[in-house]
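The values are calculated or read from the model by the stated rules, or taken from the named source; none is laboratory data. Note that the coordinates shown come from a computational prediction; the quantities given were computed from them, not determined experimentally. Glycine also receives a Cβ, built like all others from the backbone with ideal geometry; neighbour counts cover every protein chain displayed. To get the accessible areas, we keep the full protein, side chains included, count just its heavy atoms, and leave off ligands, DNA and RNA. Shrake-Rupley method; radii C 1.70, N 1.55, O 1.52, S 1.80 Å.
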Amino acid sequence: MHILEVENLTKTFKKVTAVDHVSFQVPEGELFGLLGPNGAGKTTTMRMLTTLLKPDSGSASVAGFDVIQSRNEVRAGIGMVFQEPALDRQLTGRENLDFHGRMYGMKKDLRKLRIREVLDLVELSDRANDLVETYSGGMQRRLEIARGLMHFPKVLFLDEPTLGLDAQTRRKIWEYIRRMNLEHRTTMILTTHYMEEADGLCGRVGIMDKGRIVALDTPKNLKDLIGADVVTLEMESGDGDIYRGLAFVKDVVKHGNRLSLMVENGERKIPLLIAHAAKHGIEVLSVELHKPSLEDVFLRFTGATLRDREAGDSEKRKMHPPMARRR
Ligand SMILES: Nc1ncnc2c1ncn2[C@@H]1O[C@H](COP(=O)(O)OP(=O)(O)OP(=O)(O)O)[C@@H](O)[C@H]1O
Ligand SMILES: [Mg+2]
């Protein structure tokens with residue numbers, strides 16, 4: 001049995017189907033990531049899995065407990081670190097953790113022991129007795145992670161744990177996440193729209209777009225699907241059709257005035273690609289070559305870049321202004 005089983009989970013808000021028949025399983029101890037742009041449905045999925053939101057249809061279970069039928073059992077076994085800050089800023093770090101432990105019915109001695117442990121993990125021991133309102137954004141996030149772990153959850157859910165943090169703090173948080181996953185075998189489900197985070201941190205990644213999981217595998221296998229280098233051409237006009245007949249071009253994705261071509265030995269093919277465009281009277285304005293990333297996987301499965309999606313999402317942005325979620 002998997003510690004997390006998700007079957008056709010679906011949720012519609014008025015006109016938007018935020019989560020559309022999402023299915024996946026997570027074995028115990030895995031560090032699983034949901035990667036996707038703004039509005040993909042990551043938070044809505046997480047809210048259903050953590051019993052905060054009732055699905056319209058489909059099912060999910062955590063450690064054998066159904067998220068609809070057995071909400072309390074599910075809640076007792078999970079930890080959550082969500083986008084909305086949930087710390088009491090007028091209390092110290094230690095008091096926040098202690099309060100949380102009491103809510104979970106932990107005995108005093110155990111609380112004391114565990115507080116020391118989780119503070120140590122996120123390197124906040126020396127600030128434990130300061131008020132949270134004096135913490136930096138990164139420290140608050142670390143304390144939230146500590147709090148999520150306080151009651152020994154079987155599964156820890158983290159919704160964009162590094163959103164809005166600087167690169168250095170982000171890497172620190174990855175380190176804690178990795179460490180507690182390895183040392184404590186805590187299963188972790190996290191969401192992110194940072195590709196490098198999904199790539200470097202997660203054992204497997206589900207790529208979400210418009211409420212659906214469009215691809216799911218290890219980052220390596222996902223990138224191997226591209227199986228080639230990615231050459232991106234900025235063109236003055238035209239579409240990808242001129243390249244589709246070429247034997248060495250494995251795939252073509254058009255996005256705006258750019259074409260991403262999946263080709264082996266990309267650096268050797270660039271002159272041919274430019275010459276081919278010239279033959280069709282099309283000028284190539286710029287060329288870029290890179291090894292496949294999860295961004296290319298997203299592009300291949302959705303026909304859009306993560307950035308295109310986020311930029312084209314003005315309506316959703318109004319509902320979830322990115323700044324409002326920062327701490
Ligand atoms: N309470 C709600 N009422 C109406 N629409 C909602 C609600 N919550 C989410 N949505 C819509 O559902 C879709 C998915 O939103 P969700 O917050 O799950 O996306 P996300 O992948 O977490 O995005 P982000 O990266 O911005 O956090 C969006 O179109 C959003 O506007
Ligand atoms: Mg979200």
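Assorted remarks:
- Region 243-256, residues that are more than 18 Å from Val297 (Cα to Cα) and open to solvent by 30 Å² or more (accessible area, probe 1.4 Å): Arg244, Gly245, Leu246, Ala247, Phe248
- Residue identified as within 16 Å of ligand 2 (Cβ to nearest atom) and open to solvent by 60 Å² or more (accessible area, probe 1.4 Å) among Glu73, Glu117, Glu84: Glu84
- Close pairs (8 angstrom Cβ cut-off, 6 or more residues apart or separate chains): closer than 19 Å to Ser293 by Cα and assigned by TED's automatic domain parsing to the domain that holds Asp239 in region 252-281, among the β-branched types (Val, Ile, Thr) and not in a strand (DSSP E or B) anywhere: His255/Thr305; Met262/Ile226
For (1) of a type in the set (Phe, Trp, Tyr); (2) over 21 Å from Thr43 (Cβ atoms), each residue gets a yes or a no:
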site: Tyr194; (1), (2): yes, no
site: Arg212; (1), (2): no, no
site: Val230; (1), (2): no, yes
site: Asp239; (1), (2): no, yes
site: Tyr243; (1), (2): yes, yes
site: Val252; (1), (2): no, yes
site: Gly256; (1), (2): no, yes
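- Matching residues, region 269-307, being acidic (Asp, Glu) and surrounded by fewer than 17 Cβ atoms within 10 Å (Cβ to Cβ): Glu283, Glu288
- Applying a threshold of 6 Å to beta carbon distances and a minimum spacing of six or more residues, or different chains, the list of pairs starting in region 30-59 at a residue that is over 14 Å from Thr191 (Cβ atoms) and outside the structural domain of Phe298 (by TED's automatic domain parsing) and ending at one that is of a type in the set (Ser, Thr, Tyr) and more than 10 Å from ligand 1 (Cβ to nearest atom) reads Glu30/Thr187; Asp56/Thr10; Ser57/Thr10; Gly58/Thr10.
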